[in-house]
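> Handing you a structure now.
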Amino acid sequence: MRLSRLLFVTLRDDPADAEVRSHALMARAGFLQKLGAGIYVYGPLLWRVLRRIENIIREEHDQAGCHEMLMPAMQPKELWMESGRWDRYVNEGILFDLQDRKGSDLCLGPTHEEVVTNFVRKQVQSWKQLPVTLYQIQTKFRDEIRPRFGLMRGREFIMKDAYSFDTSAEAMAESYARMREVYCNIFTRCGLRFTPVEADSGAIGGSGSEEFMVDADTGEDAIAVCRATGYAANLEKAVSRISAPAEPQSEVAMHKEPTPAAKSCEDLLKLFPDLPLTRMLKTVLYHVDLEDGSAQVVAVMCRGDRELNEVKLLNHLGALNISLASEDEVKTATDAEVGFAGPIGLQDSVRILADSSIEGVRGFLCGGNETDTHYLDVYFGRDLPQPETADFGTVQAGDQVADGDGEIEITRGIEVGHIFQLGTKYSEAMHCNFADEQQKTQAIWMGCYGIGVSRVAASAIEQNHDDHGMMWPLPIAPYAVHLVQMKAGNEEQDALAQEIHDTLEGEGIEVLWDERPKVSPGAKFKDADLVGIPLRIVVGRDAAERGVEWSLRTGGGERENLTADEALVRVRTMVKESGR
């Protein structure tokens, strides 16, 4: 491809709204153009990247025996009501829902569990038709509250989603394991450094799931990892063992303490400098919307040195949505100003829970449900019963692995894939059944497997860039070779560049040939660094002797003088080794 024939315009400066390097560099290089908040036009160069990623995905899925299909982006509300997910997605505010001219309710699909389950229930009758795994590459829609990070969190994005259908839990687990291997192959072939981590199933549901995280300091997802044991989980799912709380020197009676304007643990430390945070129990009040349409206020206790995990709390309650209680709700529940909530004396309508971090805490400080007042030297069992207790906490760096010897550290990553064991959640709700060998009706066991295709492209840049631009992994680069001709119109350079271009293209190796006649060599090199094609051949003053300059975009600027034939051999070798 001659660059002069490509609509190629670069920007000098980063866009004002670019918060991460992938967004900034792709916008500057013309790979994408913002049309609206979280909505982008994919330029020709980015589209080539996405097609290469899609081809790797197709090859690995097809080799694993999956079958590609295509489902509509627009979906009727009735299917979502069958699965019971309509209200949750509407309450979370992420569903693009609309009505047609007849008043029928529709949505733009953020995912396709309902549609594919409906498809299969109309096709499958017998166990002889199973197992089967179907997949598609399709545009998805999510009405993100705050679209950001370019392709990382958009409102319209490209996704691969696959669905497995099996006759038993064991068969579902086998399909899940096979797809996990497919995912590892895909991300390895894309040239990414990644970590599979335990994950929360969220609104998708199911009994177990894993996320595939691309390791990146700019990732918006925090990951708990232990290098010693290999444990890895995102913070929504991670569990740990924490250090035992400090013991009081002696046991004394519970009593009230004046705590004027002390509404946080930091404020209380100033009043009680000798009392460790491990013996300060904070009580957080939440407004909870339940699936039956009712709402309640829930109080959750945890140690002062720990933080609550609202995803764990949401799952424990089986709620549609949770949020911090309003000021009026707090005052009604506690008869006090905000900041003085505690477990003693709450209104009877308030459900009390506790994070497992409170276990073993003795002689603690807690809110007094009275403005400017706290209780001190409180004991569970003596002064109040221990509330319903479960793991509602967020793992912190330095915690111990829950079931082994090893210390957790917190890193960051970009989620590019998520796989789920759905079980019979959708098949039971939507009556997707099969007749077993005894002709008994059984619910089909399902799995679900997603890859953010456009996210893979962005995450590749987050892992591979420098101050000058992108550095694409060879397997997914828009072109394999960037052929830079120093002086267009020079007879020797024209002939040699044409020969290199035609030879490689004839062998199926894509070349971007920069032969722009009115662009200086410095500008061409600057554009080449920005675009980030991995292999570079420069045709210049040694063209008459068939000499060229060879370099790698990732090579730190080191250049070698080779013959054109030697450069061609290197290209062929590297392209073959990359699996491109």
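The values are calculated or read from the model by the stated rules, or taken from the named source; none is laboratory data. Since the model is a prediction, treat every value here as computed from it, not as a measurement. Because the Cβ atoms are built from the backbone with ideal geometry, glycine has one as well, and the counts that use them run over all protein chains shown. Calculation scope for accessible area: heavy atoms of the full protein, side chains included, ligands and nucleic acids excluded. Shrake-Rupley method; radii C 1.70, N 1.55, O 1.52, S 1.80 Å.
> Looking for whichever is within 30 Å of P475 (Cα to Cα), part of a helix (DSSP H, G or I) and small (G, A, S) here; the options are A173, A177. Which one fits? Steps first, answer last, please.
Values: A173 fails: within 30 Å of P475 (Cα to Cα).
Of the residues listed, the single one that is within 30 Å of P475 (Cα to Cα), part of a helix (DSSP H, G or I) and small (G, A, S) is A177.
> Looking at the stretch 298-328, which of the residues that are part of a helix (DSSP H, G or I) and open to solvent by 50 Å² or more (accessible area, probe 1.4 Å) is farthest from L365 (Cα to Cα)?
N315
> Another question, then. Buried (at least 24 other Cβ atoms within 10 Å of the Cβ) and not hydroxyl-bearing (S, T, Y), is that true of M430?
On the way: buried (at least 24 other Cβ atoms within 10 Å of the Cβ): no; not hydroxyl-bearing (S, T, Y): yes.
Here the answer is no, as M430 does not meet what is asked.
> Also, quick follow-up: Every residue in the stretch 1-33 that is open to solvent by less than 80 Å² (accessible area, probe 1.4 Å), small (G, A, S) and over 25 Å from I500 (Cβ atoms), please.
If the condition is that a residue be open to solvent by less than 80 Å² (accessible area, probe 1.4 Å), small (G, A, S) and over 25 Å from I500 (Cβ atoms), then A18, S22, A24, A27 are the ones that fit.
> Mind checking whether some residue in the stretch 166-176 is within 19 Å of the chain's Cα centre (by Cα) and of a type in the set (A, V, I, L, M, F, W, C)?
no
> In addition: If you go through the stretch 204-232, how many residues are under 12 Å from the mean Cα position of the chain (by Cα) and in a strand (DSSP E or B)?
Final tally of qualifying residues: 9.
> Given the condition of a type in the set (S, T, N, Q), assigned to a strand (DSSP E or B) and within 41 Å of the chain's Cα centre (by Cα), answer yes or no: does some residue in the stretch 240-261 qualify?
yes
> Among the residues of the stretch 380-400, write down those that are surrounded by fewer than 17 Cβ atoms within 10 Å (Cβ to Cβ), assigned to a strand (DSSP E or B) and either touching a Pro at 6+ places or on another chain (Cβ under 9 Å) or charged (D, E, K, R) (or both).
Hit for the stretch 380-400 is E388, nothing else.
> Let me ask something else about it. Among the residues of the stretch 511-530, how many are among the β-branched types (V, I, T) and farther than 24 Å from V569 by Cβ?
So the count comes out to 1.
> Something else: Can you tell me which residue is most open to solvent (accessible area, probe 1.4 Å) among those in the stretch 418-427 that are farther than 30 Å from N55 by Cα and part of a helix (DSSP H, G or I)?
It comes out as K425.
> Of all the residues that make up the stretch 218-239, how many are in contact with a strand residue (DSSP E or B) (Cβ under 6 Å, 6 or more places away or on another chain) and not aromatic (F, W, Y)?
Of the stretch 218-239, the ones in contact with a strand residue (DSSP E or B) (Cβ under 6 Å, 6 or more places away or on another chain) are 219, 221-226, 229, 231-235, 237-238.
In the following step, the residues that additionally are not aromatic (F, W, Y) were identified as 219, 221-226, 229, 232-235, 237-238.
Residues meeting the conditions: 14.
> From (1) modelled with pLDDT of 95 or more; (2) under 30 Å from V453 (Cβ atoms); (3) touching a strand residue (DSSP E or B) at 6+ places or on another chain (Cβ under 7 Å), pick out the condition that doesn't hold for A429.
(3)
> Please go through the stretch 82-126 and give me each residue that is hydrophobic (A, V, I, L, M, F, W, C) and closer than 21 Å to A429 by Cβ, ordered by number.
Selection gives W86, V90, I94, L95, L106, C107, V115, V116, F119, V120, V124.
> Right, something else. Quick check on my filter: what residues within the stretch 34-53 are open to solvent by less than 10 Å² (accessible area, probe 1.4 Å), over 18 Å from L512 (Cα atoms) and not β-branched (V, I, T)?
Answer for the stretch 34-53, where residues must be open to solvent by less than 10 Å² (accessible area, probe 1.4 Å), over 18 Å from L512 (Cα atoms) and not β-branched (V, I, T): just G38.
> Say we look at the stretch 139-164 and pick out the residues that are aromatic (F, W, Y) and either closer than 29 Å to C432 by Cα or not in a loop (DSSP other than H, G, I, E, B) (or both); which of these is least open to solvent (accessible area, probe 1.4 Å)?
Looking at the filtered set, the residue picked out is Y163.
> Name the strands (runs of 3 or more DSSP E) wholly within the stretch 432-490 that hold at least 3 residues that are of a type in the set (A, V, I, L, M) and over 18 Å from the mean Cα position of the chain (by Cα)? I'd like the intermediate steps shown before the answer.
On the way: elements: 433-435, 441-443, 445-452, 481-485.
So the answer is 481-485.
> Is it fair to say T229 is in contact with a helix residue (DSSP H, G or I) (Cβ under 7 Å, 6 or more places away or on another chain) and among the hydroxyl-bearing types (S, T, Y)?
no
> Search the stretch 54-86 for residues being more than 30 Å from G293 (Cβ to Cβ) and of a type in the set (A, V, I, L, M), and hand back the single one that is surrounded by the fewest Cβ atoms within 10 Å (Cβ to Cβ).
Restricting to residues being more than 30 Å from G293 (Cβ to Cβ) and of a type in the set (A, V, I, L, M), the top hit is L70.
> Could I ask something else about it? Run down D391, D355 and say which single residue is farther than 25 Å from A262 by Cα, in contact with a strand residue (DSSP E or B) (Cβ under 8 Å, 6 or more places away or on another chain) and not aliphatic (A, V, I, L, M).
Unique residue meeting the criteria: D391.
> Here's another thing I want to ask about it. Check the stretch 379-393 and report whether any residue there is within 30 Å of V20 (Cα to Cα), of a type outside the set (S, T, Y) and under 20 Å from the mean Cα position of the chain (by Cα).
Within the stretch 379-393, the subset within 30 Å of V20 (Cα to Cα) is 393.
Imposing the further condition that a residue be of a type outside the set (S, T, Y) reduces the set to 393.
Then keep just the ones that are under 20 Å from the mean Cα position of the chain (by Cα); that gives none.
No; the residues of the stretch 379-393 include none that is within 30 Å of V20 (Cα to Cα), of a type outside the set (S, T, Y) and under 20 Å from the mean Cα position of the chain (by Cα).
> Give me the pairs, please: first residue somewhere in the stretch 208-225 and within 22 Å of R146 (Cβ to Cβ) and among the acidic types (D, E), second residue anywhere and open to solvent by 30 Å² or more (accessible area, probe 1.4 Å) and at pLDDT 85 or above, beta-carbon distance under 6 Å, and either six or more positions apart or on two chains.
Once the first residue is within 22 Å of R146 (Cβ to Cβ) and among the acidic types (D, E) and sits in the stretch 208-225, its partners that are open to solvent by 30 Å² or more (accessible area, probe 1.4 Å) and at pLDDT 85 or above give E211/E415; D217/R412; D221/E415.
> Moving on. Any residue in the stretch 13-33 that is part of a loop (DSSP other than H, G, I, E, B) and free of Cβ contacts under 8 Å to residues at least 12 places away in the same chain?
yes
> Which is open to solvent by 10 Å² or more (accessible area, probe 1.4 Å), free of Cβ contacts under 8 Å to residues at least 60 places away in the same chain and either in a strand (DSSP E or B) or under 30 Å from C226 (Cα atoms) (or both), of D377, D403?
D403
> Right, something else. Given V120, V197, which one is β-branched (V, I, T), under 19 Å from the mean Cα position of the chain (by Cα) and not in a loop (DSSP other than H, G, I, E, B)? Explain how you work it out, then say what you get.
Working: V120 fails: under 19 Å from the mean Cα position of the chain (by Cα).
Result of the check over V120, V197: V197.
> Contact list please: Cβ distance under 9 Å, first residue in the stretch 263-278 and assigned to a loop (DSSP other than H, G, I, E, B), second residue of a type in the set (S, T, N, Q) and loosely packed, with under 15 Cβ neighbours inside 10 Å, pairs at least six apart or on different chains.
none
> Quick one: in the stretch 165-183, of everything that is of a type in the set (A, V, I, L, M, F, W, C) and open to solvent by 30 Å² or more (accessible area, probe 1.4 Å), which residue is nearest to Q125 (Cα to Cα)? Don't jump to the end; show me each part of the working.
Residues of the stretch 165-183 that are of a type in the set (A, V, I, L, M, F, W, C), as a first pass: 165, 169, 171-173, 177, 179, 182.
Now narrow it down to the ones that are open to solvent by 30 Å² or more (accessible area, probe 1.4 Å): 169, 173, 177.
Working: A169: 18, A173: 22, A177: 25 Å.
Only one residue tops the list, namely A169.
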